[in-house]
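Below is one structure, written out as structure tokens; the observations come after it.
The values are calculated or read from the model by the stated rules, or taken from the named source; none is laboratory data. Note that this is a predicted model, so its numbers are computed, not measured. All Cβ positions, glycine included, derive from the backbone under ideal geometry; neighbour counts span all protein chains shown.
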């Protein structure tokens, strides 16, 4: 069995397919560019954040580990009608619901467990752009002979 690691492109493709409200969907490189100046909103960026494997559960000839891959979806919403950010919060709530609906319980690959929600947090509010991050996780078995 070949080792299969988490691919953020699975999530990007899923969001493109299931969340039509998003005007910009990208990965880590796109996130860095958007942080300099958001050009399209709402936007979402898939960021791999961590992997953690358990110790091997088999003998010395076979290595078998459960690997949990964590990733984040950083979102940006902008509402120019409201300088205090209240309308942006309402837009964010709708966007988070759409993204959560697209990802929660979905299997990105037959070898991976369904995606679980891991929490969320405010990143920042500046220049009338509200940035939020939701964390997700999925697991797969790493096995080598």
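Suppose the filter is over 15 Å from residue 11 (Cβ atoms) and modelled with pLDDT of 95 or more; does residue 85 pass it? Taking the combined requirement at face value, the residue does not satisfy it. Please work out which residue is nearest to residue 64 (Cα to Cα), limiting yourself to segment 103-131 and to residues that are within 11 Å of the chain's Cα centre (by Cα) and crowded, with 19+ Cβ neighbours inside 10 Å. Result: 115. Within segment 92-105, residues that are on the phi > 0 side of the Ramachandran plot and without any contact (Cβ under 8 Å) to a residue 60 or more places away in the chain have Cβ atoms under 8 Å from residues that are surrounded by 12 or more Cβ atoms within 10 Å (Cβ to Cβ) and assigned to a loop (DSSP other than H, G, I, E, B) in these pairs: 105/114; 105/115, counting only partners at least 6 apart in sequence or on another chain. When segment 97-113 is limited to residues that are assigned to a loop (DSSP other than H, G, I, E, B) and in contact with a helix residue (DSSP H, G or I) (Cβ under 9 Å, 6 or more places away or on another chain), the one that is farthest from residue 134 (Cα to Cα) turns out to be 109. Pairs are defined by a Cβ separation below 8 Å, a sequence spacing of at least 6 or placement on different chains, a first member in segment 28-51 that is farther than 22 Å from residue 119 by Cα, and a second member that is surrounded by 13 or more Cβ atoms within 10 Å (Cβ to Cβ) and at pLDDT below 80; no pair meets this definition. Scanning segment 120-145 for residues that are farther than 28 Å from residue 3 by Cα and either in contact with a helix residue (DSSP H, G or I) (Cβ under 6 Å, 6 or more places away or on another chain) or part of a strand (DSSP E or B) (or both) gives 120, 121, 122, 123, 124, 125, 126, 129, 130, 131, 132, 133.
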